[in-house]
Every structure is written in C-alpha cells, then in structure tokens.
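Below is one structure, written out as structure tokens; comments come after it.
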Amino acid sequence: MTAQCPVAPPESLLPAAADPTTTILMWVQHLRRTYLVHGTKFMFAAAAITAITGAINATAEFNFRFLAFPLFYCAIAVLQLSPLGPGRWALKTDALQVLPWRPAPARVLRGRRATAALEVVVDGEPVVLDARIDPAHLAMVTDTVWLVPVEGPAFLLRVPGSRELFPARRGKPVEATAVAPVEVTERWALSLRGTLLSVAGQFGWGAGLAAVLGAVLLGPVAAALTLLSVVVIAVPVLALTLRHRLSDFRLPGLVRTADWVRAEAQLSPWRSRRDGTASATATLTLPDGTIRTATMPAATVDLLGAVFDSSTLWIGGTTGRVAVGFPGYPHVAVADLTSP
C-alpha cells in the first residue's frame, strides 16, 4: 500500500527558505556544521595542550609515549576535515535564503549505504554529483531532483517526496551500476535505528581506544580507571541526549507488521530539537470516525511538515505503540495511540 505523495514540488519562483519546514532544516544543518567546526578546533587544542603538558613533565630521558594522545587528537581532527570525514559534507545553507530550487533531470549511477553518485543536467550539461544520501531517499530519485548551488562545486539537493537537505559535490565520471530496489519506508526505519547503533558503536570504539592508550602509557590499573571514568561520564550523557530516540529501536519491526490505515490528522504546536526531531502530538480521525491521539516522541521535521501539508497521517494500527508515517515514502516514526 502506498500513500499519495504528501510533499508538493518546491516553488520555482520563491527562495527555498520561503518554505517553513525547509527553514527549520536549514537551522539543523547549520548546527551540524557549527558543531563539526568547533569540535575540530577542540581536538587541535586538546592535542596542543596535551603535547605541551607532556613535554613539560618529560624526564631527561625522552619518551615518545607522551605523544600518543596528541597524535590521537590530531588524527581525529584531520579525519574530520579529510574527504573521508564529515567535513566534506558540511555545507553552508545561506544560498537557500535567496535562490529557489531548480529542477534537474537525474538518474542514479551508483548507490551505497550513505553516499551515491547521480548524473544530473545542470545548465544543459550532464554533471556527475557525489551526494551524501541514504538509500531510502535515493530510491525516490526516478527522473528529477532539485538543486541549489551553494559554494564552488557544491550543491544542496532535494528529492521528490521529501524536504530533507542533502549535500552534493561535483565528482568524477563513474560507470553506472544497478542499484537494488528497496522498500522505502522500511529502509528509512532501518536508517533511523542505525543512527542510534552508530552512536553506540562510536562510543564503544572511543572507550576501548582510551583504555588501550591508558594501558600503553600508564599501565593496566590506569587503563581500567580510564575506561571506568569514560563509562561513568559518557553513558549518562549519552542516555540523556538520546532518550527521546530510544523508541526508534523498535521502528523497523513496527513497520514490517504495520496494517496501514489513512487518517485525517491535526497537529498540535511543536518545536524542533537540534537533531531535527520533535516531540509532537496529532489528533487523528480514522475512516470509521474513531478519534485517536498519536504521541510521537521523535518525529522528524520532514515528517511533521508532510503531515501539516497533507492534513493526513497513515497509522500501522489502531491502538498502542505503532508506526506512523506515509507508506512508500521516507516518512515514519513511532507513536503511541490513545483515546482522547
């Protein structure tokens, strides 16, 4: 079952930022770029402070071990700025305030877990763009995308059925390869859960590396204390930061078992978080006239914009915890349905 497209094509005569949902997504993109820039500066500063401290405390017999932590911090900072790191995709969004989205014929040349190569026609010339985009949104590219040039060879990209902003850059020609079809809504649910798994994996990797460095430099007891301190400090911070997203662990299963029903929806006021999600409540009217209240702890801004525009929301059940969204599109969230 596929819903009717809940997101209209962008206006060609108005700046992209004239759309309220796009404005919020610009703010989220700006925050991500800001965090990346400041995080990289912090890593370089930490490397310098650690190196100076180690040099001051070094004995007459010089030991290269005190360089381990500074080199580690520098390696992270360099990786952030390298073509392999997220720095390559941290684009400014200022151009969206003055330029409209422009449609461009497009076809997918190659797709991976987080990146893809697209052939688009820009000013009448075929151009290959490397884009940072997930498989669910990539599957929406059939013949058209929308572009705004932002800086140098970089563009911001939007696909049919969504307002999410994807960074793209001119790339080298590649040979077209077949991209496996995906169930869009289910694949997007997996991506949302994958974000949580990725954060947990990065935390485990960082804690393990800190323990190894502590063992090499200070001995096993210090390594155990280092690991314990990381866990004691980081785990509560991580839990508090992501607590609203924990329900996403169940999202793929809820989508697989969903029996989709279309409902009329009216959203209550909501406010976006810095990660592009919001806690939102919608009053739903089912086809038989039954009224339900859907409480969504971590709905994406893109999904809420689609609900506002269409005044509809599809639900995967009629009571309890269910998946809600638009089947066939990259819009889905966990919701608790209750009677008003």
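The values are calculated or read from the model by the stated rules, or taken from the named source; none is laboratory data. Treat the numbers as computed from the prediction; the structure is a model and nothing was measured. So basically every Cβ, Gly included, is an ideal-geometry build from the backbone, and we count neighbours across all protein chains shown.
So, Asp275, is that one in contact (Cβ under 8 Å) with a residue 60 or more places away in the chain and not aliphatic (A, V, I, L, M) or not? When the stated conditions are applied, Asp275 passes them.
Considering only residues that are touching a helix residue (DSSP H, G or I) at 6+ places or on another chain (Cβ under 7 Å) and either within 15 Å of Thr21 (Cα to Cα) or surrounded by 15 or more Cβ atoms within 10 Å (Cβ to Cβ) (or both), which ones fall in the stretch 251-274? Once the filter is applied, which keeps residues that are touching a helix residue (DSSP H, G or I) at 6+ places or on another chain (Cβ under 7 Å) and either within 15 Å of Thr21 (Cα to Cα) or surrounded by 15 or more Cβ atoms within 10 Å (Cβ to Cβ) (or both), the stretch 251-274 yields Leu251, Pro252, Val255, Ala265, Leu267, Trp270, Ser272, Arg274. Within the stretch 278-304, being under 22 Å from Met1 (Cβ atoms) and within 22 Å of the chain's Cα centre (by Cα) holds for Met296, Ala299, Thr300, Asp302, Leu303, Leu304.
In the set (1) surrounded by fewer than 16 Cβ atoms within 10 Å (Cβ to Cβ); (2) within 30 Å of Arg271 (Cα to Cα); (3) modelled with pLDDT under 65, Ser12 fails one condition alone, (3). Scanning the stretch 315-340 for residues that are at positive phi, assigned to a strand (DSSP E or B) and modelled with pLDDT of 95 or more yields one hit, Gly325.
Per the listing Arg187, Arg163, the residue uniquely surrounded by 14 or more Cβ atoms within 10 Å (Cβ to Cβ), assigned to a loop (DSSP other than H, G, I, E, B) and modelled with pLDDT of 90 or more is Arg163. For the stretch 93-109, the criterion of being at pLDDT 70 or above, more than 30 Å from Ser310 (Cα to Cα) and not small (Gly, Ala, Ser) is satisfied by at least one residue. Whenever a residue of the stretch 297-310 is closer than 10 Å to Glu164 by Cα, it has no partner that is of a type in the set (D, E, K, R) and assigned to a helix (DSSP H, G or I) lying with C-beta atoms less than 9 angstrom away and at least six residues away or across chains.
Quick check: anything in the stretch 306-314 aliphatic (A, V, I, L, M), assigned to a strand (DSSP E or B), crowded, with 18+ Cβ neighbours inside 10 Å and touching a Ser or Thr at 6+ places or on another chain (Cβ under 8 Å)? No; the residues of the stretch 306-314 include none that is aliphatic (A, V, I, L, M), assigned to a strand (DSSP E or B), crowded, with 18+ Cβ neighbours inside 10 Å and touching a Ser or Thr at 6+ places or on another chain (Cβ under 8 Å).
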